[in-house]
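**Q** Take a look at this one; I'll ask things after.
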Amino acid sequence: MAFVTVARDGVPVTQARDVALDATLGKNFTLKTDVVVVGSGAAGALVAYEMAKAGRDVLVLEAGRYYPSAQFTEHLGDTMTKIYQDQVGQVNTTADVIFVGGACVGGSTVIGGCVMQQPSDAVFDGWAKRHELPQLSAENIKPYFDKVGEQLHVHTNEAHEINACAHKVIQGCEKMKFSWKPAQRNVKQCALTGHCLAGCPSDRKMSSLVTHLPWAAAYGARVFSDTEVVRVLTRNGRANGVEARITDPDSGAHVADMRVDADIVVLAAGAIQTPLIMQRSQLKDTSGQIGRNMTVQPFTQVLGKFPEPLYGFRGALVGVYVDEFTETDGYMILSGLAEPESLLAQGDMRAGKAHLEFMKDYKYYAGVNAFSVDSGRGYVQWDGDPYNGDKTIHWNPNHEEFENIKRSAALAARIFFSGGAEKVFLPTFQSLEADSVFNLDAQLDKVDYGLKGMYTFRANSFSPHGTCRMGADPYQYVVGPNGETHGTAGLFVADASLIPEPLVAPPQWTVQALAQYVSDRINQRADSLFLS
Amino acid sequence: MKNNKHPALPGFMAGLEPLSRRGFLRATALTGAAFTAGCAHLMGRRDAPQAIQYRSLQPDEAEVLTRLTEVLLPTQSMGLPSSTQVVPTVQNIDAMAARMPDQTRDLLGLGIWVFDRRPMVSFKFSRFTSLSDDKALAYVNAMQDGPFFERGLMTTLKALVTLNYWRDERTWPGLEYSGPVSELWGIRRLGNAPLPRA
């Protein structure tokens, strides 16, 4: 038996500059493999590892750049420029909701807040019933959660991981008799720097960059960065590879075009990119649902100012989670205050002396992210030809969703006032703050729904899902119960696109459990899927 | 592959998007701006600071952004590093603009132009750059409290300026924010996680 050795540091990645320097490849080349995995984030890295471990030849294609953790600077502004999707500029068509995501080897796991949460059993039993997915009932999916949880050191925050910001949330909750819990995170020996959103330079965050990707590479998987898949190739209704373009991430220069011939294709590029690739590929879609049913999980950032200095930006970024309203109203409230640059995305940052005073009070602030449920009405669309077309993300809150965003922000504000805040800054484009709980509602009433709810609340989305939903009926669902698309044999989806209905939980753990499940299904059918 | 015909703006610039994606807004903005530009011309204007060479910003754009920086970040009164003399806020914006795709860069220029010339009766249709300190601040606040289009544009420009000030490490001591700490604290790198047990 051969020994498998994981590199001590980093991932062997072929980058655009390597391709440019390799004269043997030229401007147009073809590679052959058993499995081509599109995307290297939470799902793609896990699938790559499982496939490579099972002895398959695996090629991972990542559109973003390779930014090794040894080069992380703990400087959020620089990190946003380098490895956030569109430099934090991926927005809806009206440009007032930002879809934040990682665009790098390791995907959003590199820049996420490490929150891992397992939805309740009722969620999966509901999937089993409503979407004919008995394989994913609570009992059946539990082993997948357990496996991922063990691999990624998911643990419940201990006392030292609850910082001053989180303690204010706890105090507020206890006064209001709201239920709260320490958050669960995928971190090993957290160094409590508070710089999660800029990547973890000491490799304590168990991102794909330091787990599944180097493990996959240890089993022989190859990883290409700067390589955007244009479309899936098919022959006789069966996926047999992809076409991709390699671009220099600094200059934007086109380096080469790549074709990959593969026995199977696994799409794991996330809930926005995966359906866009499918649309560009003009694949058979009996459901008509590719790119639709997108749940946004909008969240706003509410700031409370306290009389005493908290230095709430120190310590673990996410400490506690308010679960009082999760089952009843679909609200999730998580403590967290990031770098000063993050304040500029909170609400109105004021102007002149008022702005400077607002910023100089940074050490007095505690923050929460208030998530609310939406109904899965969003959609993504690719218009035009595969190379020169245009992506658009469609979602604006309807009246009900607008009220949900408002109520979740109001609850967060109330928690802060109960915890002793002397002022709460509201997450609105208008300049609004409340100096007591008694004028909170009056302030929030100034936020009028207006035209499509545009430029009202400064909402963001970190966890879109559901755009290639999974279910048994090929006329209603894009992907079948085994992870293979209904319309195209040999084409699998393994990311957040699969989630069949709005989820009220941070989805990373669920996504990785699903990726584990899809990997197992592929391996179980290896004899019929792989020519080799 | 070009994945977006309209290159995405950085999130903090999101408010400029309606300029590109909503034709009627563009028309409204341009018509209003043209009208006000004429008024502003009649009312006179300040000279642009010409001493600094910019890679991407045009002199009139630099003038508007410099004035906006002065208005948004009157740092001298608060014991913070100067937003114009110490921290190169506008040069930072210039560097960012130089990296933008052409269409994004064009939109930024349009946004700055519209902002400077937005017609407002209460400001006698003056250009932003010709307003006194108090009036200029009032103009910014009026834009922020205006209709959704004005709110979006103002939020964008504010974020562009303030981000390029606060990202400078010299501003952080004023916030009692320590910045990067791993090296300072001697935190050892763990490297890749070992393979899971079979």
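**Q** Say R0 is 51 Å: what FRET efficiency, to the nearest 0.05, do A:H399 and B:V86 get from their beta-carbon distance?
**A** Values: r = 48 Å, r/R0 = 0.94.
My answer for the efficiency is 0.60.
**Q** Using per-residue counts of other Cβ atoms within 10 Å, averaged over each peptide, order B:53-66, A:492-505, A:34-47 from highest down. Provide the component values of the computation, followed by the final result.
**A** Details: B:53-66: 18.4, A:492-505: 26.2, A:34-47: 31.1.
Output ranking for B:53-66, A:492-505, A:34-47: A:34-47, A:492-505, B:53-66.
**Q** Given H placed 1.01 Å from N in the peptide plane, which residues other than close sequence neighbours of A:V91 have an amide H under 5 Å from its amide H?
**A** Long-range HN contacts for A:V91: A:F99.
**Q** Output wanted: per-residue J couplings in Hz (rounded whole) for the range A:285-293, from phi through Karplus 6.51 cos²θ - 1.76 cosθ + 1.60, θ = phi - 60°, x for Gly and Pro.
**A** Calculated HN-Hα couplings, in order: 9, 5, 7, x, 10, 5, x, 9, 6 Hz.
**Q** Now for a separate question. Rounded if a/c is under 1.5, else prolate if a/b beats b/c, else oblate: with a ≥ b ≥ c from the C-alpha gyration tensor eigenvalues square-rooted, which is the range B:54-168?
**A** Numbers: a/c = 1.71, a/b = 1.13, b/c = 1.52.
It is oblate, given that a/c is not under 1.5 and a/b is not larger than b/c.
**Q** Can you list residues whose amide H is under 5 Å from A:L233's amide H, if they're 5+ apart or on another chain and H is modeled 1.01 Å from N?
**A** A:N240, A:G241, A:V242, A:E243
**Q** Now for a separate question. What 222 nm value per residue comes from the helices of chain A, counting each DSSP H run with n ≥ 4 as -39,500 (n - 2.57) and dividing by all residues, nearest 500 deg cm²/dmol?
**A** Details: 15 runs with 144 residues, N = 532.
Only helices count here, giving -8000 deg cm²/dmol.
**Q** Further question: With a 1.4 Å probe and all protein chains in place, put A:L213, A:L451 in order of accessible area, largest first. Provide the component values of the computation, followed by the final result.
**A** On the way: A:L213 0, A:L451 90 Å².
These residues rank, largest area first, as A:L451, A:L213.
**Q** Taking beta carbons within 10 Å but only from partner chains, what does the mean come to for residues B:155-168? The partial results should precede the final answer.
**A** Details: counts 10, 1, 0, 6, 4, 1, 4, 11, 9, 1, 4, 9, 10, 1.
Mean shielding by partner chains, rounded to a whole number: 5.
**Q** Follow-up. Please turn the phi angles of the range A:367-379 into ³J(HN,Hα) values with the Karplus equation 6.51 cos²θ - 1.76 cosθ + 1.60 (θ = phi - 60°), one per residue in order, whole Hz, x for glycine and proline.
**A** For the range A:367-379, the Karplus curve yields x, 9, 9, 9, 8, 10, 8, 10, 9, x, 9, x, 8 Hz.
**Q** Another one. Spin-label point model (7 Å from Cα, Cβ direction): what's the A:V437 to A:R525 distance in nm?
**A** Label-label distance for A:V437 and A:R525, simple model: 5.5 nm.
**Q** Residues with amide H under 5 Å of A:L31's amide H, sequence separation 5 or more or different chain, H placed in the peptide plane at 1.01 Å from N; which?
**A** Residues meeting the criterion, in which the H sits 1.01 Å from N, are A:R259, A:V260, A:D261.
**Q** Here's another thing I want to ask about it. With a Förster radius of 41 Å, plug the Cβ-Cβ distance of A:N388 and A:A159 into 1/(1 + (r/R0)^6) and report the FRET value to the nearest 0.05.
**A** Working: r = 55 Å, r/R0 = 1.33.
My answer for the efficiency is 0.15.
**Q** Among B:I93, B:L137, B:V121, which residue has its Cα furthest toward the positive end of the charge dipole of the range B:54-168, with +1 on Lys/Arg Cβ and -1 on Asp/Glu Cβ?
**A** B:V121
**Q** Once the dipole of the protein assembly as shown is set up with Lys and Arg at +1 and Asp and Glu at -1 on Cβ about the Cα centre, which of A:V11, A:W509, A:C200 lies farthest towards its positive end?
**A** With unit charges placed on the Cβ atoms, the residue in question is A:V11.
**Q** By per-residue mean of other Cβ atoms within 10 Å, what is the highest-first order of A:52-58, A:295-301, B:94-100? All intermediate terms of the calculation are to be shown ahead of the outcome.
**A** Numbers: A:52-58: 21.1, A:295-301: 25.6, B:94-100: 17.4.
Packing order, densest peptide first, comes out as A:295-301, A:52-58, B:94-100.
**Q** Here's something else I'd like to know. Return the percentage of antiparallel bridges among DSSP beta bridges fully within the protein assembly as shown, rounded to the nearest 5 %. Numbers along the way, then the final one.
**A** On the way: 54 of 82 bridges.
Counting DSSP beta bridges with both partners in the protein assembly as shown, the antiparallel share is about 65 percent.
**Q** Evaluate E = 1/(1 + (r/R0)^6) for B:D145 and A:R238, where r is the Cβ-Cβ distance and R0 equals 56 Å; express this FRET efficiency to the nearest 0.05.
**A** The value I calculate is 0.45.
**Q** Beyond a 27 Å Cα-Cα separation, which of these cross-linked pairs lie in this structure: A:K188/B:K158; A:K53/A:K129; A:K142/A:K188; A:K168/A:K406; A:K53/A:K188; A:K147/A:K175?
**A** A:K188/B:K158; A:K53/A:K129; A:K147/A:K175
**Q** Quick one: putting +1 on the C-beta of Lys and Arg, -1 on the C-beta of Asp and Glu, what dipole do you get for the protein assembly as shown around its Cα centre, in Debye to the nearest 20?
**A** 540 debye
**Q** In addition: Working out 0.36 nm times the residue gap between A:D448 and A:K142, then minus their Cα-Cα distance, what length gain in nm do you get to one decimal? Mind showing how you got there, number by number?
**A** On the way: separation 306, 0.36 × 306 = 110.16 nm, distance 4.34 nm.
Result: 105.8 nm gained on full extension.
**Q** Using a cut-off of 24 Å between alpha-carbon atoms, which lysines can reach A:K391, once sequence neighbours fewer than 8 places away in the same chain are excluded?
**A** A:K82, A:K284, A:K452, B:K2, B:K5
**Q** Could you size up the charge dipole of the range B:54-168 around its Cα centre, putting +1 on the beta carbon of Lys and Arg and -1 on that of Asp and Glu, and report it in debye to the nearest 20?
**A** On the way: 12 positive and 13 negative charges, 26 e Å.
Here the range B:54-168 has a charge dipole of around 120 debye.
**Q** Taking 0.36 nm per residue of separation and subtracting the Cα-Cα distance, what length does fully extending A:D250 through A:F3 add? Please list the in-between numbers first.
**A** Details: separation 247, 0.36 × 247 = 88.92 nm, distance 3.78 nm.
Roughly 85.1 nm would be gained on extension.
**Q** Further, regarding this structure: Apply the Karplus curve 6.51 cos²θ - 1.76 cosθ + 1.60, θ = phi - 60°, to the phi angles in the range B:158-163 and return the couplings in whole Hz, x for Gly and Pro.
**A** Each residue of the range B:158-163 in turn: 4, 5, 4, 6, 5, 4 Hz.
The values are calculated or read from the model by the stated rules, or taken from the named source; none is laboratory data. Not measured: the values here are computed from a predicted model. As a convention, Cβ positions derive from the backbone with ideal geometry for all residues, glycine included, and neighbour counts pool all protein chains shown. For the accessible areas, the whole protein counts, side chains as well, though only heavy atoms, and no ligand, DNA or RNA atoms are used. Shrake-Rupley method; radii C 1.70, N 1.55, O 1.52, S 1.80 Å.
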